[in-house]
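J.: Once you've had a glance at the structure underneath, I'll fire off some questions.
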Amino acid sequence: MSASEGCRASGQRWCEREVNLLKTKFGLDDAFNYKKEQNLNAALQSFPFEKAGSKTLCYTILLRYFPEGIDIYFENVGGAMLDAVLLNMRVHGRIVMCGMISQYNSEQPEGVRGLSSLIVKRIRMDGFVASDYFVKYPMFEEEMVGYLKDGKIAYVEDVVEGIEKAPAALIGLFNGRNVGKQLVIVARE
């Protein structure tokens, strides 16, 4: 959808099969595996920092993929990635906060650094909770059905059968086992 609106869309995932899906099935302009980008030498050559930590690495990765900065970012990772995003945002950029998967099960959650970027770059960062928009769901559903019928939207479902598989399917959401929307079939009619 972003391409049809004249936007360049890039994405990040934590496994190669999902990076491939972003580029092939979903048509993103570019995508990268943020957990695999561990080549410190290449990262440091692209941006000379004195310390080579995960935040430095994320920052250099984003410079490589977004050399002119980021206008709109949908946040679902948190941690070092959010810190790097804040440094790479463009003036008057927007961040939609929907999740922070890297922090959910962390024994030592990371605080967000670089918040001064919100001031200096006049960035708007808002939380997004789907339930705030339930009143608009019928309009959304009607629009999405049209997009699906026209082939403008692609989707992937990961389906398991049986209520006994629900706990493993839930855990799979947090460790990267599933791809796409996780569904559990409880009973077939």
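The values are calculated or read from the model by the stated rules, or taken from the named source; none is laboratory data. Every value quoted in this text rests on a predicted model; they were computed, and no experiment measured them. Quick reminder, even Gly has a Cβ in these numbers, built from the backbone with ideal geometry, and neighbours come from all protein chains shown. These accessible areas exclude ligands, DNA and RNA; they are computed on the full protein's heavy atoms, side chains included. Shrake-Rupley method; radii C 1.70, N 1.55, O 1.52, S 1.80 Å.
J.: In the range 87-106, which residues are touching a residue at least 60 places away in the same chain (Cβ under 8 Å), closer than 23 Å to residue 132 by Cβ and open to solvent by 50 Å² or more (accessible area, probe 1.4 Å)?
T.: Residue satisfying the conditions is 104 alone.
J.: Considering only residues that are exposed (fewer than 14 other Cβ atoms within 10 Å of the Cβ) and under 11 Å from the mean Cα position of the chain (by Cα), which ones fall in the range 66-86?
T.: 74
J.: Restricting attention to the range 71-92, report how many residues are among the β-branched types (Val, Ile, Thr) and within 20 Å of residue 33 (Cβ to Cβ).
T.: So the answer is 2.
J.: Filter the range 140-170 for residues that are over 24 Å from the mean Cα position of the chain (by Cα) and within 21 Å of residue 98 (Cα to Cα) and give the result.
T.: Within the range 140-170, none qualify.
J.: Checking the conditions here, which among 118, 170, 183 is assigned to a helix (DSSP H, G or I) and open to solvent by less than 80 Å² (accessible area, probe 1.4 Å)?
T.: Criteria check complete, one pass: 118.
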